[in-house]
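Coordinate-derived values only; no laboratory data. Owing to the predicted nature of the structure, the values given are computational and were not obtained by experimental measurement. Cβ placement follows ideal geometry from the backbone for every residue including glycine, while neighbour counts extend to all protein chains displayed.
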Amino acid sequence: MSGPQALEPIVGDLIREAIQVDVPAVDTDLIETGLLDSLALVTLITELEREFGFQLPLDDFDVERFRTVERIAAFVAEHRPEAEGSAA
């Protein structure tokens, strides 16, 4: 499996390493719970770009896509270079 679900543990590890936050579950709202603030979000986006080899287009930025590990993994699956060459 190479879709978003396969990326969830990787995203969770990256969050733990980049912003020193342990996420209780993949559907935990990181913003509502205060686990992810604006500075941590910028740090996380930078690390996601570095780790997965893409740049977040400003036109594509929507904080809703960064609320949970599930949503972040789906976003990464959509934007990483391997996804661009595959048929959907």
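Worth a mention:
- Filtered residues of segment 50-78 (kept if within 20 Å of residue 5 (Cα to Cα), acidic (Asp, Glu) and without any contact (Cβ under 8 Å) to a residue 12 or more places away in the chain): 64, 78
- Only helices (runs of 4 or more DSSP H) whose full extent lies in the chain are considered here, and the ones with at least 3 residues that are within 13 Å of the chain's Cα centre (by Cα) are 4-19, 38-52, 69-79.
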